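A.B. asks: First the structure, then my questions, so here it is.
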Amino acid sequence: MSLVSKKTPKRIALDGTPASGKSTVGAMLADRWNCDFLDTGMMYRAVTYLALQNSFRLDDNHALGNLASDTQFSIRQDGNGSWRLLTNGVDVTDELHKSEINRYVSPVSAVPEVRRSLVNQQREIAAEGPIVMAGQDIGTVVLKDAPMKIYLDASAETRAARRTRDAHGNVDGQRFDEVLRSLSRRGEIDSNRADSPLRPADDAFIIQTDALTLEEVVERIIELAPDDVKEHAPK
């Protein structure tokens, strides 16, 4: 039986700093709770990707806002259980973590017209049924009435190490410095933007993930789940 009631849509707001683990943790929670998962950061990456593909000026807020409004977003789960993002019916997931997108996504994400458009679409997706939604303003803006709000954080050094660790667990020192600078820059932009800056919701559980594995973070969140989520847990 699902951990989430089939009768009432449950919405779990999962926010956090870049590379704090929220996307992976969110997908793991959605699997445990048998519900949908949306990483809203991928939507901002998709707008950035489409803007670059179509030679938009990234300082033209009005044009970027129209681009976001004119793009229909949807999610689906593939045969391997991974969640995919579609724009106007086209799967763009594999295009969204390239270095050029990493470079420009924070400035595009800070555009108020883009944020307003995507927030509306995120709420529409959330209204379709039980969902774990990850991002930077889910608990504070998108789903302010979510019954459970989590905020994940870790030091910039820990997050940079995660991004640069190879299959053997070794950190690439040269890439580490580059990624650390990038994460610090993104964090400053995200935390200081005028529209829905990155911060924990007042009623969010804050979890420092530096010393925790992904599995431990998931178990911690499940322990914190309110009764209206826990009551449908399998016995």
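Computed from the coordinates by the stated procedures, all read-outs in this text should not be read as laboratory data. Being a predicted model, the structure only gives us computed values, none of them experimental. All Cβ positions, even for glycine, are placed from backbone atoms using ideal geometry, and neighbour counts span all protein chains on display.
A.B. asks: What is the distance, in nm, between label points placed 7 Å from the Cα along the Cα-to-Cβ direction at Asp210 and at Ser155?
C.D. replies: According to this spin-label approximation, the distance is 0.4 nm.
A.B. asks: Find how much the distance from Arg199 to Arg103 grows on full extension, using 0.36 nm per residue of separation minus their present alpha carbon separation; answer in nm with one decimal.
C.D. replies: Full extension of this stretch gives 32.4 nm more.
A.B. asks: Rounded, prolate or oblate: which fits segment 56-105 when a ≥ b ≥ c are the square roots of the eigenvalues of the alpha-carbon gyration tensor, with rounded for a/c under 1.5 and prolate only if a/b beats b/c?
C.D. replies: Oblate is the answer for segment 56-105, as a/c is 1.5 or above yet b/c matches or exceeds a/b.
A.B. asks: Moving to a separate point now. Could you check the simple spin-label distance between Arg84 and Ala63, using points 7 Å along Cα→Cβ, in nm with one decimal?
C.D. replies: 3.0 nm
A.B. asks: Calculate for the chain the 222 nm mean residue ellipticity that helices alone would give, adding -39,500 (n - 2.57) per DSSP H run of length 4 or more and normalising by residue count, nearest 500 deg cm²/dmol. Walk me through the numbers on the way to the answer.
C.D. replies: On the way: 9 runs with 106 residues, N = 235.
Using -39500 (n - 2.57) per qualifying helix, the result is -14000 deg cm²/dmol.
A.B. asks: Right, next: Where the centre of each part is set by its Cα atoms, how far does segment 8-35 sit from segment 174-213, in angstrom?
C.D. replies: Measuring centre to centre over Cα atoms gives 17 Å.
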